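Notes follow once the structure below has been shown.
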Amino acid sequence: MNRRRPTFLAALTLTATAALTLSACGSDDKASGENDKIAGADTGSEASASPNSSATSAADDGRPKIDLPSDLKLVFEDTETGDPVKDAVLADSAERMRAVDAAITGTDPKAEALGFYNTGKALTAAVSWVEQFDKANATLTGEARYYDRKVTLKSDTSAVLTFCADESKGFSKDKKTGEIAKTPVTKNSYVLYNTRLDKNAKGVWQTSQIISTRGAAQCQP
């Protein structure tokens, strides 16, 4: 897997959702360093760290409340299918994406939501990715749009969700200077994601695996 230079702001290739590409999942993400906007975060690493389980503010149903900074917007299309189970998968996947961004941008500094919506290797890699942003003193800004979201139920507790991401309007930003790493829009600004989600005992559909394909033909505008 092609690893970028995570300690340099201009080389932080990430997604507004920081949707993590795991080497263990056989990622096909081949993006080059030219695409320094919000893009598929392919760290390919597995850290031993785990997110702090201390609570941030929580919603009435016990789920962590996730807030994002005003300069970061995530747009999720295809939110309703008419099937309540598929709709729950879509909703929890979206919350998972927002959770990673909240940890990166500092609106969830204790990363409660990160551990709530991720499990297994996805959780391990998510923690590692957030740590890289922290070390680089970088954050996220702009907008990412998620579309063509399609759910396939494999069992009562397992599902596959594929979707496209338009990451052409999202960028990394230096926390100290506020400098935004903007680059031109290319075919690699559009990414195909293939994810697996598993329903836990609390009824939460947690993301356990993600594979990304940058520049996928089916996601081009």
Relative contact order as a percentage, the stretch 58-135, C-alpha pairs under 8 Å and 6+ apart, gives 30
So if I place +1 on the C-beta of Lys and Arg and -1 on the C-beta of Asp and Glu, and nothing else carries charge, what would the dipole magnitude of the stretch 109-205 be about its Cα centre? I want it in debye, nearest 20. 100
State the percent of C-alpha pairs, over all pairs in the stretch 148-196, separated by a distance greater than 18 angstrom. 52
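What FRET efficiency comes out for the pair Thr81/Gln218, r = Cβ-Cβ distance, R0 = 22 Å, nearest 0.05? Could you put the intermediate results ahead of the total?
On the way: r = 19 Å, r/R0 = 0.87.
Calculated value: 0.70.
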So what's the stretch 114-221 giving for Cα Rg divided by 2.2 N^0.38 Å, two decimals? 1.21
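Note down the magnitude of the dipole of the stretch 99-155 about its Cα centre, charges +1 on Lys and Arg C-beta and -1 on Asp and Glu C-beta and zero elsewhere, to the nearest 20 debye. Could you put the intermediate results ahead of the total?
Details: 7 positive and 7 negative charges, 67 e Å.
For this selection, approximately 320 debye.
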Run a plain Debye calculation on the stretch 48-204 (Cα atoms as equal point scatterers, no solvent) and give log10 I(q)/I(0) at q = 0.12, 0.17, 0.19 Å⁻¹, rounded to two decimals, same order as the q list. -0.54, -1.10, -1.35
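Say the cut-off is 22 Å between C-alpha atoms; which of Lys135/Lys175; Lys65/Lys110; Lys135/Lys173; Lys169/Lys199; Lys154/Lys199; Lys73/Lys202 go over it? Don't jump to the answer; show the numbers that get you there.
Numbers: Lys135/Lys175 11 Å; Lys65/Lys110 12 Å; Lys135/Lys173 13 Å; Lys169/Lys199 32 Å; Lys154/Lys199 11 Å; Lys73/Lys202 28 Å.
Beyond 22 Å between Cα atoms: Lys169/Lys199; Lys73/Lys202.
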Given a Förster distance of 35 Å, the FRET efficiency implied by the Cβ-Cβ spacing of Ser155 and Lys110, rounded to the nearest 0.05, works out to 0.60
Looking at the stretch 105-152, I'd like the Rg to Rh ratio, where Rg is from alpha-carbon atoms and Rh is Kirkwood's inverse mean 1/r. 1.03
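What order do you get for 74-85, 182-193, 161-172 when each peptide is scored by the mean count of other beta carbon atoms within 10 Å, highest first? Could you put the intermediate results ahead of the total?
Numbers: 74-85: 12.8, 182-193: 19.1, 161-172: 23.2.
In descending order of packing, they fall as 161-172, 182-193, 74-85.
The numbers here are math on the coordinates, done by the rules we state, and not lab data. Since this is a predicted model, take the numbers as computed values, not measurements. Heads up, the Cβs are rebuilt from the backbone with ideal geometry, glycines too, and the neighbour counts pull from every protein chain shown.
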